[in-house]
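What follows is a set of notes on a single structure, which appears directly below.
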Amino acid sequence: MQVVIIGAGEVGTSIAADLASDHDVVIVDIDESRIEDIKYDIDVLTLAGDGTKSSVLIEAGAVQADMVIASTDDDKTNLVICGTAETLGDPFNIARVKSAEYRRTWEQTGKAFDADFVICANLQAAGTIVDVIGLPSAVEVSSFVGGLVKMAEFDITEGSPITGQTVAEADRFDSLTFAALFRDDDLVLPQGSTIIKAGDRMVIIGSPGSVQGFAQQVAPVATPDTADDIVIVGGGEIGYHTARMLEMRDFSPKLVEQDSDRSRALAEDLPETLVMNHDPTDTDFLRRERLDEANVLVSALGSDENNMLVSVLAKRIGAKRVISLVDRSDYVQLFQEIGIDAAVSPRDVTAEEIIRFTHEKVAENIAVLEGGKAEVLELELGADSEFVGRNIREIDESVNSDVVFGAVSRRGTEVVPRGDTVLEQGDNVVIFVESEFVGQMLAMG
Amino acid sequence: MGQYVRVEWRASIGLIGAVLLYLTLPLLFPLALAVLYGESVLPFLVPMAVTLGLGGGLRMLADIEEDVGPREAFLAVATIWLLVAAIGALPFLVAGNGTIAQPVNAMFEAMSGLTTTGATVIGDFGVHSRSVMMWRQVLQWLGGLGILILVTAVLSEIGVGGAQLMETETQSQSSNRLTPRISETAQLIWGLYLGLTVLVAAVLAGMHYLGPVVGVELAPNMNLYNAVAHALTSISTAGFSPEARSIEAFSAAVQWVLIPVMLLGSTSFVLIYFAIRGAPMRLLRSEEFRFYIGVFALFTATSAALLIGTQELDMGLHDTVRHSAFNVASILTTTGYASQDFTNWPNAGQNVLFAAMFIGGMVGSTTCSIKSLRWLVVLKSFRRDLFTAIHPDAVRPVRVSGSSVDEGTIRDIYGYVLLSIVIFFLLTLFVVIDGARSGVDPSEFEAMGAAASTVLNIGPAFGRAGPMDNYLVFPESTRAVMVVLMWLGRIEIVPVLVLLTPSFWRS
């Protein structure tokens, strides 16, 4: 595969390094000295120039390229690159943005800015933080339909309260679907009477709240309770999205922000979050608001120095788990060495997500499970989809494989899929399917 | 020196002139009735000559090129309500019958009508012609939703200024546009108002005429005249009745029907519009609606619990519930009907009604008083203050129906509630002192009831000014002051007080 990467920052460079061995990679940056450095670090073709110019893109080979990854530090530059590349050839365009708004615009249309995939670093980081907080026991977590639907895979251990229960007994949530069980390398489609055994791997699909609730059942000790104190320090974009996503999982976090206008805006947007306007490094304040007894404290301030200060302070006064944001990815190790429980680097998670995506090489948002045995697909039903107007039972019977409809999202709200649920045009459906039937499902949807 | 009047009064004058010209139209209705019943037509021809002459004259003086800004809106709103009431009083003066032939009383009756208060100074209901009695009802209907909304609906020349006028009239920033053009929004709202009025009249008349067909006397006294008269003053939560005994003159069935009508009149017309257009959930999602219905249920239950044990009233369960619900709805929605003389209720029951006076219905309806939304915001912001007392750094926006309320708006609402209550106390004091001076000696409860009832535009009070009596008990000077306060209360105090500040007239 021929890949053109624009922007040789941390993200662009780590993607280039990962892809270099199997693919033909060209990396473009406006900064000549940076390009010089890379030349000697990674075995890729380098080019100095402005990636928004079509002449530069043509020279980099965007016309014949299979994929163009726009990964500069500027959102608008990245979007312009996607638009330009699209007019030159027909590569698969990936844009990296910071603004969650651009990502939302793209999500709603699926093709805005001529991008085939838009990844928002802030959302990605917040999502990772929330998964680290909320689902520490999950082996694999993926988001669909812009975070409205979650897929999670859990290891069922000997000590888990649901071991020995039937699926019907364990299913206490309205909007949760038990998609599959992996048992001794076999795929089992769970029926109500299937008994859950230790050593099983269970795949569930549902709303963030119900997935969270189920995690609580599977691993009550490791998983935080919705009554637990979760404190976020710093109300920047990542802090805001972390709080918002925690609200979606029925948590009521606390958020400390130093700027009073920003605090007000945050409080208006986050009805379930207690927003406090104070200096987060004031230990008297932390004690007065009982933040020292927090079950989880997330430090999401703007600079690594402040994050380190707050994290160390929080550990010292007694916070149980401390998760910190780290801007420079080479500090991740350092943060963990001084006793911080988890360090999340937005650049790292973004690069990882893009790399994951390039490996999968398909347009649909998918998650591959158990080394490729089965996949979870998200499909948006268009006018010509064979699913439209039929109910789930009919579709199930017309396919000669086992398909599980994990979730249906209609105009931004979740519809719990039942046998008699009739699918409509415009629905987003999340389907669990064995890998060999993925092609058939894509053709039908 | 060097101070100029900076209000573009000529823009306001043009507007006032146009409103007066249009006022000719509603006068045609009682005029037609007078012809039909063979009564004197003079009481309506005289005011029609005034509206045409004065309105036309003002239009000639006017400069319609000027924009209606905030100052012009304040001036126009306050003046229009006062002038329309004055012209509304002319038929009573010209007819020359009974107590309302006297100028202060005529003005009281007209202002009480137009502001949808419903307090009366008619001593003997029998001496007036049916067309004059209907004029009282029409005045109330005109005032119900607000004259300026009507003006905005018919006058295309107002354009953008209409939003200014509607906001000034209702003292709210959210004119809640249903369509991009403000005049179309006003037309929709008025169309809805008219439609609901016709519906209520049809239901009431239907009960009267169709009842006997199926063999039940559902509404013996509710002939077409009464059906129209009560439709005009129920959906407008106004409260005049051509019957001296108010709604006591009608059957239990009529009373039951009027309870939801009054409640509907107090519901936001924007939400009613959406409910009709197929989104009834918006109504239930409105916290203000739930609060207001909750208050109605609570007050009805309290009142019923107090009345059921009262020996003197000797009512069964059905009568107790009906009279409690009816009179609580009447006072809470600021209508001012009565299904029985509640001055005979035990003191505790009367106090429940007195408390209900201060609440009112929803913003954007025909109701008056302080209004549910303001109380809801006050309660929520008070609860927030209790929370921030414990967590001094917490940032907690006050939310109503999911959206947060601006801190400036909260301050305005506190200010408005306080101002209403201060004005109520000052008027009470005046009623007591003026009463003592003239030898009327109103009791404290009579004075408080009458003061609240006029400044909050409800209608009946307690004691000697109860629903089956009238305000003639108070001296003329008190009645004159009440005229001013009904005017002040209906346009939500601010437009009138603003005119009294010197800086309004300067740059």
Practice task
Answer yes if at least one residue in the range A:91-104 is without any contact (Cβ under 8 Å) to a residue 40 or more places away in the chain, of a type in the set (A, V, I, L, M, F, W, C) and surrounded by 23 or more Cβ atoms within 10 Å (Cβ to Cβ), and no otherwise.
Solution key: yes
Exercise for the section: Determine whether B:S330 is touching a residue at least 60 places away in the same chain (Cβ under 8 Å), crowded, with 23+ Cβ neighbours inside 10 Å and touching a His at 6+ places or on another chain (Cβ under 8 Å). Expected result: no
Practice task
Answer yes if at least one residue in the range B:271-280 is part of a helix (DSSP H, G or I), closer than 25 Å to B:G113 by Cα, of a type in the set (S, T, Y) and in contact (Cβ under 8 Å) with a residue 12 or more places away in the chain, and no otherwise.
Solution key: no
Fill in the blank from the handout: Considering only strands (runs of 3 or more DSSP E) wholly within the range A:190-287, the ones with at least 3 residues that are modelled with pLDDT of 90 or more are A:230-233, A:254-257, A:274-277
Practice task
Check the range B:237-251 and report whether any residue there is over 23 Å from the mean Cα position of the chain (by Cα), modelled with pLDDT of 90 or more, at negative phi and not basic (K, R).
Solution key: yes
Practice task
Return yes when B:V440 is surrounded by fewer than 18 Cβ atoms within 10 Å (Cβ to Cβ), away from chain A (no Cβ under 14 Å) and either without any contact (Cβ under 8 Å) to a residue 12 or more places away in the chain or within 24 Å of B:P103 (Cα to Cα) (or both) and no when it is not.
Solution key: yes
Exercise for the section: Would you mind finding the one in B:L373, B:L386, B:L353 that is farther than 21 Å from B:P460 by Cα and in contact (Cβ under 8 Å) with a residue 40 or more places away in the chain? Expected result: B:L373
Problem - Wholly within the range B:314-426, helices (runs of 4 or more DSSP H) carrying at least 3 residues that are away from chain A (no Cβ under 14 Å) and among the β-branched types (V, I, T) - result: B:317-332
Practice task
Test A:S311 against the stated conditions and say whether it is more than 10 Å from every other protein chain (Cβ to nearest Cβ), touching a helix residue (DSSP H, G or I) at 6+ places or on another chain (Cβ under 6 Å) and modelled with pLDDT of 85 or more.
Solution key: no
Handout entry: the range A:147-168, subset within 19 Å of A:A407 (Cα to Cα) and either surrounded by fewer than 17 Cβ atoms within 10 Å (Cβ to Cβ) or among the β-branched types (V, I, T) (or both), residue nearest to the chain's Cα centre (by Cα)
Key = A:V149
Practice task
Kindly list the number of the only condition in (1) closer than 24 Å to A:S329 by Cα; (2) at pLDDT below 85; (3) of a type in the set (V, I, T) that fails for A:T46.
Solution key: (2)
Problem - So B:A447, is it more than 14 Å from chain A (Cβ to nearest Cβ), over 27 Å from the mean Cα position of the chain (by Cα) and aliphatic (A, V, I, L, M) - result: no
Practice task
Among the residues of the range A:54-66, write down those that are touching a residue at least 24 places away in the same chain (Cβ under 8 Å) and either over 20 Å from A:P91 (Cα atoms) or surrounded by fewer than 21 Cβ atoms within 10 Å (Cβ to Cβ) (or both).
Solution key: A:S54, A:V56, A:I58, A:G61, A:V63, A:Q64, A:D66
Exercise for the section: Return the only residue of B:V261, B:V216, B:V198, B:V228 being in contact (Cβ under 8 Å) with a residue 24 or more places away in the chain, surrounded by fewer than 17 Cβ atoms within 10 Å (Cβ to Cβ) and out of contact with any Leu (no Cβ under 7 Å at 6 or more places or on another chain). Expected result: B:V198
Problem - Residue list for the range B:294-327, filter: more than 22 Å from B:T237 (Cα to Cα), β-branched (V, I, T) and out of contact with any helix residue (DSSP H, G or I) (no Cβ under 6 Å at 6 or more places or on another chain) - result: B:T310
Exercise for the section: Test B:S404 against the stated conditions and say whether it is of a type in the set (S, T, N, Q) and at pLDDT 90 or above. Expected result: no
Completion exercise
Those residues of the range A:285-308 which are in contact (Cβ under 8 Å) with a residue 24 or more places away in the chain, of a type in the set (D, E, K, R) and within 14 Å of chain B (Cβ to nearest Cβ) amount to A:R287, A:E289, A:R290
Exercise for the section: Could you pull out the residue among A:E36, A:E10 that is touching a residue at least 40 places away in the same chain (Cβ under 8 Å) and among the charged types (D, E, K, R)? Expected result: A:E10
Fill in the blank from the handout: In the set B:L33, B:L54, B:L90, the lone residue that is surrounded by 17 or more Cβ atoms within 10 Å (Cβ to Cβ), at pLDDT 80 or above and closer than 26 Å to B:L500 by Cα is B:L54
Exercise for the section: Being aliphatic (A, V, I, L, M) and part of a strand (DSSP E or B) is the filter; apply it to the range A:380-426 and report the residue that is farthest from A:V211 (Cα to Cα). Expected result: A:V422
Practice task
Within the range A:265-284, work out how many residues are in contact (Cβ under 8 Å) with a residue 12 or more places away in the chain, within 13 Å of chain B (Cβ to nearest Cβ) and over 26 Å from the mean Cα position of the chain (by Cα).
Solution key: 5
Practice task
Among the candidates A:S329, A:S260, single out the residue that is at negative phi, within 14 Å of chain B (Cβ to nearest Cβ), out of contact with any Leu (no Cβ under 9 Å at 6 or more places or on another chain) and not basic (K, R).
Solution key: A:S260
Exercise for the section: With the condition kept exactly as written, say whether any residue in the range A:291-301 is modelled with pLDDT under 85 and not in a helix (DSSP H, G or I). Expected result: no
Problem - Filter result for the condition that a residue is part of a helix (DSSP H, G or I), more than 18 Å from the chain's Cα centre (by Cα) and either aliphatic (A, V, I, L, M) or farther than 26 Å from B:P495 by Cβ (or both), over B:A76, B:A89, B:A85, B:A110 - result: B:A76
Problem - Residue check for A:T128: closer than 21 Å to A:S324 by Cα and of a type in the set (S, T, Y) - result: yes
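The values are calculated or read from the model by the stated rules, or taken from the named source; none is laboratory data. All figures in this text were calculated on a predicted structure; none of them were measured in a lab. Cβ atoms come from the backbone with ideal geometry, glycine included; neighbour counts cover every protein chain shown.
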